[in-house]
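Q: Can you read through this structure? Questions will come right after.
The values are calculated or read from the model by the stated rules, or taken from the named source; none is laboratory data. Computed from a predicted model, the values in this text were never measured in an experiment. All Cβ positions, glycine included, derive from the backbone under ideal geometry; neighbour counts span all protein chains shown. Surface accessibility is based on the protein's heavy atoms, side chains included, excluding ligands, DNA and RNA. Shrake-Rupley method; radii C 1.70, N 1.55, O 1.52, S 1.80 Å.
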Amino acid sequence: MNSNKALQPLNQARQTMLEAGLPIPPVPRNLSDQLQCPDDARYFTTRDNIPGPWNLSWFLNEVEQKTPDHYLVFGIDGYGVESAATHYYLVENDFAIFHQSNLPTPSHPGLEADLADQYELIAIMAVAASEAREKGKLPENSRIVVVRPAGMPSSWGIQPAPGQPVQWQETSNALLDVCDWLKASVEE
């Protein structure tokens, strides 16, 4: 009975994403039973009392200035038809990602064709970050942080320790750059 109750928000999240024509992002098993949907929202979170995910700067400031527990926020948020986006924010010990993708609009009717691939890549990167830590390529207490905002340049960097500023590297494709870094780190 308890596992059925835990699946309810996850099933609701899947339904919300599918109805919007969006792929379902990776949901870590250890966080899936904590999912909840704030009132009248189209996103899901494992946290209470946070702003909606459209407020990306709040989440970035928090990760650089505080030490939040592991969490997941994903779904749809924004203001009006032209500024809604899908969001995927995951913070873990070795890896944190803040990913946004614009939703189709009348002026930009296409969804990013490779969004499902991006989500799959994110899941692989989270595992590879743990492997890099095990191999000593990711220093103790540090984590990889990736920011891929909708319509703005992406960046990534290594956070030396929780609550400390990230050493950012701006790039045209943070997902691929981090994959390259992780591949080189894990293969060495």
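Q: Of all the stretches in the chain, which is the longest one without any exposed loop site, taking trypsin sites (Lys or Arg not before Pro) in a DSSP loop (any state but H, G, I, E, B) with at most 13 other Cβ atoms within 10 Å?
A: On the way: sites that count: Lys66, Lys135.
Counting at most 13 other Cβ atoms within 10 Å as exposed, the longest clean stretch of the chain is 67-134.
Q: Follow-up. Send over a whole-number figure in Å² for the accessible area per residue of the chain, probe 1.4 Å.
A: Spelled out: the 1.4 Å probe surface of the chain, per residue, equals 53 Å².
Q: So what's the back-of-envelope 222 nm ellipticity for the chain, counting only DSSP H runs of four-plus at -39500 (n - 2.57) apiece and dividing by all residues, rounded to 500? Please list the in-between numbers first.
A: Details: 5 runs with 66 residues, N = 188.
Value at 222 nm, helices only, nearest 500: -11000 deg cm²/dmol.
Q: Another question, then. Students sometimes get this wrong: rank Trp168, Trp54 by accessible area, probe 1.4 Å, all chains present, largest first.
A: The ranking, largest first, comes out as Trp168, Trp54.
Q: For the chain, take every pair of Cα atoms, bin their distances at 5 Å starting from 0, and report each bin as a whole percent.
A: Values per bin, smallest distances first: 1, 8, 17, 20, 21, 16, 10, 5, 1, 0.
Q: Oh, and also: Report, in debye and to the nearest 20, how large the dipole of the chain comes out about its Cα centre when Lys and Arg carry +1 and Asp and Glu carry -1 on their Cβ.
A: Dipole about the Cα centre, nearest 20: 280 debye.
Q: Of Leu121, Thr45, Trp168, whose Cα points farthest to the positive end of the dipole of the chain (charges on the beta-carbon: +1 Lys, Arg; -1 Asp, Glu; origin at the Cα centre)?
A: Thr45
Q: Sticking with this structure for a sec: Pop out the carbon and sulfur fraction of the accessible area of the chain as a percent, whole number, probe 1.4 Å. Please list the in-between numbers first.
A: Working: 4770 of 9920 Å².
That share works out to 48 percent.
Q: For Asp39, Asp117, Asp77, write out the residues from largest to smallest accessible area, computed with a 1.4 angstrom probe and no ligands counted.
A: Descending order: Asp39, Asp117, Asp77.
Q: Right, something else. Test of understanding: what is the full-extension gain from Ser172 to Lys135, defined as 0.36 nm times their sequence separation minus their Cα-Cα distance? Display every interim value, and only then the final one.
A: Numbers: separation 37, 0.36 × 37 = 13.32 nm, distance 2.79 nm.
Length gained, Ser172 through Lys135: 10.5 nm.
Q: Give me the one-decimal nm value for the distance between modelled label points at Arg47 and Asp117, 7 Å along each residue's Cα-to-Cβ direction.
A: 3.1 nm
Q: By the scheme Lys and Arg +1, Asp and Glu -1, what is the net charge of all other residues having a beta-carbon under 14 Å from that of Ser172?
A: -2
Q: Positive end of the dipole of the chain, charges at C-beta (+1 Lys, Arg; -1 Asp, Glu), about the Cα centre: which of Gly78, Ser101, Val27 has its Cα farthest in that direction?
A: Val27
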